[in-house]
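Asks: Quick one: this structure, given as structure tokens, is what I'll be asking you about.
The values are calculated or read from the model by the stated rules, or taken from the named source; none is laboratory data. Here the structure is a predicted model, which is why all the values come from computation and not from measurement. Counting neighbours? That spans all protein chains shown, and the Cβs are built from the backbone with ideal geometry, glycine included. Remember, those area values only see protein heavy atoms, side chains included, never the ligands or the DNA or RNA. Shrake-Rupley method; radii C 1.70, N 1.55, O 1.52, S 1.80 Å.
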Amino acid sequence: MRVVKVTLGLGLLGAIAASAWQANPPAKPPAAQAVPATPAAPAEAGVPVYAATVVARLPHDTGAFTEGLLFCGGDLYESTGKEGASDIRRVGLADGKVAARARLSPELFGEGIGCVKNSLLSLTWKTGIGFRWSLPALKRIGQPFHYAGEGWALTGDGRTLILSDGTPTLRRMDPATFEERGRITVTLNGRPLAKLNELEYVQGRILANVWMTGFIARIDPATGKVDGLIDLRPLLAEIHNPDPDAVANGIAYDAAHDRLFVTGKYWPTLFEIRIGEEVGRAG
């Protein structure tokens, strides 16, 4: 019997421990040996936790305080945060080099980005101001848009943009007007799950970095329920950055080639991963 401990931030999300799971069942005892009957635990108990299997390692800018990551029109784009250092950039996948860059005003803290046709939308953290950028040149277009609350991350499902603001509620926003069109309340085992950071819509599910945990939550947008967790803690151990801000943050899905990429703030590596085997359950 092997126990996998999964803790998603005691003060932030509540203590969540994975239930015991049996990787290699013991051999059956001899027929003559009396064995007390034990009720079997339901196989569905808790949310499954999956390994992140590394497919490839690519370079990533260690100076990037990554807040958003996505593919749009075949190119990889990234947004970075911190006042005085926030930008939107087009990045070479193979070499990690910045091919084009647009800097935000020094007083703004850049956050997530979303793709709408031939433009990119970007959020700021506490100022409630967003911008539109032309692609691939990254030139400002139109007037800034506004939204209530904080801006953490942005993704799209082809109909609406989905915004996270640090609460357990994801908001559906109109891509043209950025007016709210609906809400998704995210829960893990029936409990609200907050601190949802970088988002990516992948094959009918929303993937979200859960800030400061090393896990990606896989969310059913129809119900808001987390139906899986992806464990990035081995990748955090590999990059071995002692800076507490060097958290996992950045999920990009290349739909044209069915490739999933993850990285983090100040990480030297962009990892191409696939969702691997189940390694435990968060109960």
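Asks: If I ask for residues that are in contact with a Pro (Cβ under 9 Å, 6 or more places away or on another chain) and at pLDDT 95 or above, which ones from the range 60-73 would you list?
Replies: Passing the criteria: 60, 61, 62, 72.
Asks: Provide a single number: the residues in the range 57-90 that are among the small types (Gly, Ala, Ser) and open to solvent by less than 30 Å² (accessible area, probe 1.4 Å).
Replies: Step one: of the range 57-90, the residues among the small types (Gly, Ala, Ser) are 63-64, 68, 73-74, 79, 81, 84-86.
Keeping just the survivors that are open to solvent by less than 30 Å² (accessible area, probe 1.4 Å) gives 64, 68, 79, 81, 86.
Adding up the residues that qualify gives 5.
Asks: Pick from 252, 217: which is within 24 Å of residue 119 (Cβ to Cβ) and at pLDDT 95 or above?
Replies: Details: 217 fails: within 24 Å of residue 119 (Cβ to Cβ).
Answer to the selection: 252.
Asks: Based on what the data block shows, is residue 99 outside any loop (DSSP other than H, G, I, E, B), more than 25 Å from residue 170 (Cα to Cα) and open to solvent by 60 Å² or more (accessible area, probe 1.4 Å)? Write out each step before concluding.
Replies: Values: outside any loop (DSSP other than H, G, I, E, B): yes; more than 25 Å from residue 170 (Cα to Cα): yes; open to solvent by 60 Å² or more (accessible area, probe 1.4 Å): yes.
So residue 99 fits the description; yes.
Asks: Answer with yes or no whether residue 223 is buried (at least 20 other Cβ atoms within 10 Å of the Cβ) and closer than 20 Å to residue 48 by Cα. First the steps, then the outcome.
Replies: Working: buried (at least 20 other Cβ atoms within 10 Å of the Cβ): no; closer than 20 Å to residue 48 by Cα: yes.
Judged against the criteria, residue 223 is not a match.
Asks: Just wondering, is there one or more residues in the range 136-150 that are open to solvent by 40 Å² or more (accessible area, probe 1.4 Å), part of a strand (DSSP E or B) and in contact with a Cys (Cβ under 8 Å, 6 or more places away or on another chain)? So that I can check it myself, show each step before the final result.
Replies: If we filter the range 136-150 for residues that are open to solvent by 40 Å² or more (accessible area, probe 1.4 Å), which is where we start, we get 136-137, 139-144, 146, 148-150.
Of the ones still in play, those that are also part of a strand (DSSP E or B) are 140-144, 146.
Now drop any that are not in contact with a Cys (Cβ under 8 Å, 6 or more places away or on another chain), which leaves none.
There is no residue in the range 136-150 that is open to solvent by 40 Å² or more (accessible area, probe 1.4 Å), part of a strand (DSSP E or B) and in contact with a Cys (Cβ under 8 Å, 6 or more places away or on another chain).
Asks: So, one more: Going by the structure shown, is residue 280 crowded, with 22+ Cβ neighbours inside 10 Å and over 28 Å from residue 63 (Cβ atoms)? Steps first, answer last, please.
Replies: On the way: crowded, with 22+ Cβ neighbours inside 10 Å: yes; over 28 Å from residue 63 (Cβ atoms): yes.
Criteria met by residue 280.
Asks: Run down 200, 180 and say which single residue is within 21 Å of residue 123 (Cα to Cα) and crowded, with 22+ Cβ neighbours inside 10 Å. Write out each step before concluding.
Replies: On the way: 180 fails: crowded, with 22+ Cβ neighbours inside 10 Å.
One residue alone meets the criteria, 200.
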